[in-house]
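Participant: Below you'll find the structure I mean.
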Amino acid sequence: MAAQTADKLDQLHLNGSTTAGKITSASKARAENGTSEHDDSDDDKEDEADAGENATKKKKKRKPKKKKGAAPKAQTDPPRVPIAQLFANNQYPTGEEVEYKNENAFRTTNEEKRHLDRMNNDVLTDYRRGAEAHRQVRQWAQKNLIRPGKSLHEIANGIEDATRALTGHPGLEEGDNIKGGVGFPTGLSINHCAAHYTPNTTSKPWIVDQKDVLKIDVGIHINGRIVDSAWTMAFDPQYDNLLAAVKDATNTGVREAGIDVRMGDIGAAIQETMESYEVEIEGKTYPVKPIRNLNGHNIGQWEIHGGKSVPIVKGGDQTKMEEGETFAIETFGSTGKGYVKDDMEISHYAKRVDAPNVALRVSSARSLLNTINKNFGTLPWCRRYLDRLGQDKYLLGLNHLVQSGIVEAYPPLCDVKGSYTAQFEHTILLRPTVKEVISRGDDY
């Protein structure tokens, strides 16, 4: 999921067949008896000979039968073919592999590390399947879904429907979404809103405008292995430098990250890269500022925000990245103050990993908690997902769960009105032998 404020860190054939050429019953009888109706007619014999040649020719033109049950070879529009049907034997594309350097260079060929890497094959398969689903969903969305005139409801539902189809987990049966599917609500944050906005079912329609800067944050998981990756789209070239600054900063963070690297050093490199850019909007020049209270984060199984954060500004954090960890490297740039606050209607929620075991006096809270446990576990969700499951009249119970410390609310995070913000994000795996940018694609 998009971001973590610094002050909360503690906390988805037809079977072809061909019909054999038929012989009429009379012809069949004649063929069996070896005679014709008119033995004394040469013309008839010639006609039959010609017919025999034609029949032979027709037989030669028959098309071979298609194999039954053949898997689809290409994705549909919109995406509806499960990734597992597009790749044989669970062999999914590998992300961008980057060899470790300096004192960790030995890892690439070290037999012990290679053995450890092979032991993680099932985990890698889950991540790569989710990552390929992410690439196909987002590239379809970029080309065919997201554009001015579309509502945020249409965009969110389009991305999430494709995600459920490609992972093979519709999420309507009890426990299905915990096995795979949507990793967290689709973030659709516009302009000064940097993160954590997605429309509620009852939200007033929000139509994307030609002048908008839209952040799209998408999470897809298989067996709790979450691929968290985000990008920004603008439809006016005057924002190009803002997007370029943040993309460059994120790639800097990805490049600097690795085993034994200190968080503070990564933040310093990100800040230096981003602040080297400026952007001219409506004739006024703005420096691109990193949003200092937004961070990247490590990712656990079924846990989008782990206990470690990756700053995007210089600081004294001496915490190190470690072998086997998964991180979301994300950066945010702004033309405003470079600092976000809670604003607008809340839509994102998640059950806390360390949720207290407390007595719930409100019956609707108990019922809702049971639904959350069975359908989401500790994965983030939004009110649209509850509506989709047929839940109603749950707001009182939801508020009680938040107040009891069982469920965490994630309000939208916004800079000052009138400013513009951008975000790019990748998920990296610190494997024993190499660093794998699992979410890397041709688009970013």
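Participant: Which order do you get for MET233, MET119 if you rank them by accessible area with a 1.4 Å probe, largest at the top?
Facilitator: Accessible-area ranking of MET233, MET119, largest first: MET119, MET233.
Participant: Whole angstrom only: what separates the Cα centroid of region 200-238 from the Cα centroid of region 353-419?
Facilitator: 22 Å
Participant: Between ASN200 and LYS101, what is the FRET efficiency for a Förster distance of 35 Å, r being their Cβ-Cβ separation, to the nearest 0.05?
Facilitator: Using R0 = 35 Å, I get an efficiency of 0.15.
Participant: So, one more: Can you figure out the FRET efficiency of GLN91 with GLU111, using R₀ = 25 Å and their beta-carbon distance, to the nearest 0.05? Don't jump to the answer; show the numbers that get you there.
Facilitator: Numbers: r = 24 Å, r/R0 = 0.94.
After rounding, the FRET efficiency stands at 0.60.
Participant: List, in the order given, every pair from LYS215/LYS289; LYS314/LYS417; LYS150/LYS211; LYS101/LYS320 whose Cα-Cα distance in the structure shown is over 18 Å.
Facilitator: Working: LYS215/LYS289 16 Å; LYS314/LYS417 26 Å; LYS150/LYS211 13 Å; LYS101/LYS320 16 Å.
From the list (LYS215/LYS289; LYS314/LYS417; LYS150/LYS211; LYS101/LYS320), the Cα-Cα distance tops 18 Å for LYS314/LYS417.
Participant: Let me ask something else. Whole-Hz Karplus ³J(HN,Hα) for region 422-427, in order, using 6.51 cos²θ - 1.76 cosθ + 1.60 and θ = phi - 60°, x for Gly and Pro?
Facilitator: Taking θ as phi minus 60°, the curve returns 9, 8, 9, 7, 9, 9 Hz for region 422-427.
Participant: Give, in nm to one decimal, the length gained when the segment between GLN301 and ASP342 is fully stretched (0.36 nm per residue of separation minus the Cα-Cα distance).
Facilitator: 12.1 nm
Participant: Okay, moving on. Just to confirm, what accessible area per residue do you get for region 347-410 at 1.4 Å probe, in whole Å²?
Facilitator: I get 48 Å² per residue for region 347-410.
Participant: Right, next: Using a Förster distance of 41 angstrom, determine the FRET efficiency expected from the C-beta separation of GLU154 and VAL353, and round it to 0.05.
Facilitator: Rounded to the nearest 0.05, the efficiency is 0.80.
Participant: Check ARG225: other-chain or 5+ apart residues with amide H under 5 Å from its amide H, H built from backbone geometry?
Facilitator: So ARG225 has HN proximity to TRP302.
The values are calculated or read from the model by the stated rules, or taken from the named source; none is laboratory data. On a predicted model such as this, the values are computed, not experimentally measured, just so you know. Quick reminder, even Gly has a Cβ in these numbers, built from the backbone with ideal geometry, and neighbours come from all protein chains shown. Calculation scope for accessible area: heavy atoms of the full protein, side chains included, ligands and nucleic acids excluded. Shrake-Rupley method; radii C 1.70, N 1.55, O 1.52, S 1.80 Å.
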